[in-house]
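Novice: One structure, as structure tokens, below. Some questions next.
A short reminder: the numbers here are calculations on the coordinates, not readings from a lab. Just so it is clear, the model here is predicted, and its values are computed rather than measured. No Cβ is skipped: glycine too gets one built from the backbone with ideal geometry, and neighbour counts run over all protein chains shown.
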Amino acid sequence: MSTLNISHDYSHAAAVAARSVVRHFGRRAFGIPGTLIGAVQVPDNRTRVQRFAHWHYWWQAHFLDCAVDAGFRRLREGNTESAQAWLGKAQEIQRGIVTRNFGTVINDFYDDMAWLTLALGRLNALHRALHGVGSISTQDAGVTLYNQLTDAIDDSLGGGVFWSKKRDFKNTPATAPTALALVRAHRGDEAAPLLNWLGENLWDDDNSAYLDGIRITGTNESGAFDTAVERALYSYNSGPVLSALLELEPTDDLPLWRYRTEHAADIIGGVAHHFTCDFNDDGTTIRVLTTKGSGDGGLFTGILARNLADASTNPELNAASRATARELVLNTARILWEGRREFDPDLPLNEFGIDVNEIRGESIALFSPDVTAHTSESLVPGRAVELSSQLQAWMILEAAARIA
């Protein structure tokens with residue numbers, strides 16, 4: 001495997017990605033000082049109605065998670081001043097989400113709230129690492145969200161978590177991060193049944209991956225639900241299940257559908273088979289995570305990489321699976337970094353008439369949504385750059401910095 005030569009190169013790459021995303025996408029929520037959210041795209045040629053309606057709550061949750069990544073990275077490097085600055089930035093994002101969501105963390109989608117729950121838990125951990133205590137505002141928001149997630153769980157369809165408050169679809173994108181959030185809250189007795197429900201209802205043995213979900217399509221004459229299984233396979237669905245299994249502390253009275261570390265290895269094998277592609281690296285074929293996708297799909301592989309990085313350092317997992325997880329993260333991070341396009345942040349981003357090679361000050365980077373294509377090919381001048389794909393690159397580079 002070919003990688004960057006020394007680990008601090010990955011840290012440098014993650015730092016560039018962090019600076020680049022904040023510089024180009026960071027905005028005050030409704031112009032209010034002390035808040036921060038990410039613009040959905042730059043340049044933003046959407047109508048005012050579209051900009052107001054579609055601000056992507058769950059993208060902002062991952063923006064927050066990335067800021068926490070940066071804070072922990074700087075803390076690992078011994079720079080507490082910079083870690084504190086990132087803590088402040090993350091707190092601004094928390095305030096920005098609440099402000100943009102009209103004063104609350106509650107919305108109509110349980111998967112969105114699960115992702116924010118996970119990000120807030122890590123934000124609270126960063127606050128504790130720097131100050132010895134957690135953050136009251138972050139903990140209060142977390143309590144509100146955990147109550148919402150608990151409300152999404154019932155016995156219909158045998159268990160699982162509803163995707164939205166319409167309560168007509170139980171799926172992996174909501175159930176998996178909710179299970180992980182419950183594990184991290186030391187509520188394993190509630191998380192285990194969710195993992196079992198996923199395994200019994202949505203695990204595809206042939207593909208070693210999780211299907212999307214079960215939709216309620218109506219009721220039959222006996223009053224039971226008619227259902228349809230959504231069989232799509234999405235890379236990010238493997239990630240939080242993997243972390244939940246490895247972080248759960250099972251006991252004799254907490255049986256799991258399958259032995260957790262063996263099932264975790266199966267998940268990683270499925271990732272290597274279904275969610276990767278070959279890349280010609282100067283005559284050598286290497287395997288990288290597939291990152292094609294726009295919109296929500298632009299985040300999927302970043303989420304998976306975060307969880308693979310955690311798995312790669314877990315001593316309970318077999319050595320071969322750990323090595324596969326590590327190799328996929330590091331390969332993908334390196335190719336993304338080498339395929340970046342650097343430019344001057346004081347010049348308009350990706351607009352016609354701008355010389356992309358002109359740099360007047362300190363450069364920052366733009367990353368390709370498709371790891372197999374250089375940024376200059378995938379983001380031609382005039383094409384809007386989406387926040388999701390740039391957050392994904394940031395997540396992958398932070399994952400590499402953590403394990404290198």
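Novice: What net charge is computed for the residues neighbouring Thr217, neighbours being all others with C-beta under 14 Å from the C-beta of Thr217, Lys and Arg scored +1, Asp and Glu -1?
Specialist: Details: positive: Lys166, Arg167, Lys170, Arg215; negative: Asp168, Asp226, Glu230.
Taking every Cβ under 14 Å from that of Thr217, the sum is +1.
Novice: What span do the alpha-carbon atoms of the chain cover on each of the three principal axes, reported in whole Å from largest to smallest?
Specialist: For the chain, the Cα spread along each principal axis is 70, 50, 47 Å.
Novice: Going 7 Å from the Cα of Gln50 along its beta-carbon direction, which residues of segment 297-318 have the amide nitrogen within less than 20 Å of the resulting point?
Specialist: Output list for this probe position: 297-299.
Novice: Another question about this same structure. How much space per residue, in cubic angstrom, does the convex hull of the C-alpha atoms of segment 50-154 take up? Let's see the in-between values first.
Specialist: On the way: hull volume 9.9 nm³, N = 105.
Output value, Cα hull per residue: 95 Å³.
Novice: Same structure again: Which FRET efficiency value, to the nearest 0.05, is calculated for Asp206 and Asp281 with the Förster distance at 25 angstrom and r the Cβ-Cβ distance?
Specialist: 0.25
Novice: With springs only between Cα atoms under 10 Å apart, run a GNM on the chain and tell me which of Asn45, Asn101, Asn196 wobbles the most.
Specialist: Asn45
Novice: Express the C-alpha Rg of segment 215-276 as a ratio against the empirical globular expectation 2.2 N^0.38 Å, rounded to two decimals. Numbers along the way, then the final one.
Specialist: Working: Rg = 16.2 Å, N = 62, 2.2 N^0.38 = 10.6 Å.
Working it through for segment 215-276, the quotient is 1.54.
Novice: Could I ask something else about it? Whats the longest run of the chain with zero chymotrypsin sites (Phe, Trp or Tyr not before Pro) that are DSSP loop and have at most 10 other Cβ atoms within 10 Å? Mind showing how you got there, number by number?
Specialist: Numbers: sites that count: Phe102, Phe352.
Answer from the scan: 103-351.
Novice: Please give the net charge around Leu391, taking every other residue with its beta carbon less than 12 angstrom from that of Leu391, where Lys and Arg add +1 and Asp and Glu add -1.
Specialist: Result for the neighbourhood of Leu391: -4.
Novice: Label points 7 Å out from Cα along the Cβ direction at Ile32 and Phe352: separation in nm?
Specialist: Output for this residue pair reads 3.9 nm.
Novice: Which GluC sites (Glu not before Pro) from segment 53-143 combine a DSSP loop assignment with at most 14 other Cβ atoms within 10 Å?
Specialist: On the way: sites: Glu77, Glu81, Glu92; in loops: Glu77.
Loop-located and lightly packed - Glu77.
Novice: Over all directions, what mean area does the Cα convex hull of segment 275-404 project, stated in square nanometres?
Specialist: 8.4 nm²
Novice: Related question: Under a crude label model (7 Å from the Cα following the beta-carbon direction), how far is Glu81 from Asp108 in nanometres?
Specialist: Those two pseudo-labels are separated by 4.8 nm.
Novice: Shifting gears a bit: Report the net charge of residues surrounding Gly270, where surrounding means a beta-carbon distance below 15 angstrom and charges are Lys +1, Arg +1, Asp -1, Glu -1. Let's see the in-between values first.
Specialist: Working: positive: Arg231, Arg258, Arg287; negative: Asp204, Asp205, Asp206, Asp212, Glu262, Asp266.
After counting each charged neighbour, the total is -3.
Novice: Quick check on the chain: helices-only [θ] at 222 nm, where DSSP H runs of length 4 and up contribute -39,500 (n - 2.57) each and the sum goes over total residues. Nearest 500, please. Can you show the working numbers first?
Specialist: Values: 14 runs with 214 residues, N = 404.
So the calculated ellipticity at 222 nm is -17500 deg cm²/dmol.
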